[in-house]
1. Out of the residues in region 290-306 that are at pLDDT 95 or above and more than 11 Å from L262 (Cα to Cα), state the one that is most open to solvent (accessible area, probe 1.4 Å).
2. Can we say Y253 is aromatic (F, W, Y), open to solvent by 40 Å² or more (accessible area, probe 1.4 Å) and farther than 28 Å from S141 by Cα?
3. Going through A207, A225 one at a time, which residue ends up being open to solvent by less than 20 Å² (accessible area, probe 1.4 Å) and over 26 Å from Q87 (Cα atoms)?
4. Examine region 178-190 for a residue that is under 27 Å from the mean Cα position of the chain (by Cα) and open to solvent by 40 Å² or more (accessible area, probe 1.4 Å), and state whether such a residue exists.
5. Looking only at region 174-192, which residues are β-branched (V, I, T) and in contact with a strand residue (DSSP E or B) (Cβ under 6 Å, 6 or more places away or on another chain)?
6. Pairs only if they're at least six apart or on different chains, beta carbon under 8 angstrom, first in region 168-184 and closer than 12 Å to E208 by Cβ, second assigned to a strand (DSSP E or B) and among the hydroxyl-bearing types (S, T, Y); list them, first residue then second.
7. Go through (1) among the charged types (D, E, K, R); (2) out of contact with any helix residue (DSSP H, G or I) (no Cβ under 8 Å at 6 or more places or on another chain); (3) more than 30 Å from I37 (Cβ to Cβ); (4) open to solvent by less than 70 Å² (accessible area, probe 1.4 Å) and name the single condition R240 misses.
8. I193 fails exactly one of the following numbered conditions: (1) open to solvent by less than 50 Å² (accessible area, probe 1.4 Å); (2) among the aliphatic types (A, V, I, L, M); (3) in contact (Cβ under 8 Å) with a residue 24 or more places away in the chain. What is the number of that condition?
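The values are calculated or read from the model by the stated rules, or taken from the named source; none is laboratory data. Model, not experiment: these values are computed from the prediction. FYI the Cβ positions are ideal-geometry reconstructions off the backbone, even for glycines, and counts take in every protein chain you see. To get the accessible areas, we keep the full protein, side chains included, count just its heavy atoms, and leave off ligands, DNA and RNA. Shrake-Rupley method; radii C 1.70, N 1.55, O 1.52, S 1.80 Å.
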Amino acid sequence: MTKLKTFFLSLSLLVLLLWLGACTKNISLSRLMPAEIDVPNHVQRLLIVDRTAPQNENLAVLEGLISGEAPFEVRNAVEATIATIQQELNTSPRFEVIRARERLRGGLFAQTFPNPLTWPQIEALCREYNADAVLALEKFSSDFIVTDKRQLIKKKEGEGRNARTVEVQGIYAEGIASVQVGFRFYDPLTKNIADQRDFEKTNLWSAEAETRTQALALLIDKVKATQYVGQVAGASYARRIAPMYLSINRTLYQKPRDNPALARGARLAEVNRWEEAIDVWENGLNLPNRDKSGGRICFNIAVGFEVLGDLESAKYWAGKAYTDYGFKQGRTYSNQLNVRMSQEERLRQQLSREN
């Protein structure tokens, strides 16, 4: 009897989810979000410096042999990290970004930061490149570990209609790439290291085949894996210091059917005619049975105003959905808009320019 109850509960939940999906549609908004930290506003032109040249070439080669990494592999991963930082920062309106030609000695294979660059060095770099500050990648180490085990794997036999999937004994292989990177942000005007940050990023890949040789051949190449994780680290640091565009998901209601304004407004929104959609939804509040659909209409209007960039009006209508119609999602949305308004204020401060 318990299993029967569980079955009907699961079935009811599935039906509810399908019904909710039919009643709503998701939209995605692209919005500029503030950086994690506030960089001084006088920094507008930023110089990126690679400071991972080894202090001792012979020692670096020896350390690479011990760790199983060739110097060119690490150099490629460093290049991927810095290139990603530059690309990501170029998508933000915060900085004008330039890349230094030289590669300074620093922390290749290092677990700790090297001594900071001196302020005369930083000032010389800023004069040469006409920059306001220096962002340096100062330490970089990486690792790639491969493990494998015997287990049953799925294999396809036959072709066309006769094809079938069977389980055979095989090899399951995993590759885990990791990087440890360190960044420093030098502000010569204030003679201050505005930021010093360690990042450790990892990623896992897997492959399976009947033999170990086949499984390893299907696994990602070590060099590409390390480059990928380095790119993740670079993108993470770019988001730390510069506002970035992110996607925000919102829900639009298009039912119940007894209020056609919901569906018609949603269709207008779908073709980016938001002002007309808002007018249709507002008129829908005057139709019969609005008590059933009023909360959803107010919620949709709030989404429309957020899309148009009017957060004050969006917050008003989200609150109205809850206070006037008891629509609980309106209260949640209102709180989300409060957070967004705080983010917008911080974003304005981060993007302001000093004379």
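1. F305
2. Numbers: aromatic (F, W, Y): yes; open to solvent by 40 Å² or more (accessible area, probe 1.4 Å): no; farther than 28 Å from S141 by Cα: yes.
Answer is no for this residue.
3. Values: A225 fails: over 26 Å from Q87 (Cα atoms).
The match here is A207.
4. The answer is yes; a qualifying residue exists.
5. Here is the first cut: in region 174-192, the residues β-branched (V, I, T) are 176, 179, 181, 190.
I176, V179, V181, listed by residue number.
6. Y172/S206; A173/T147; A173/S206; E174/T147; E174/S206
7. The single condition R240 does not satisfy is (3).
8. (1)
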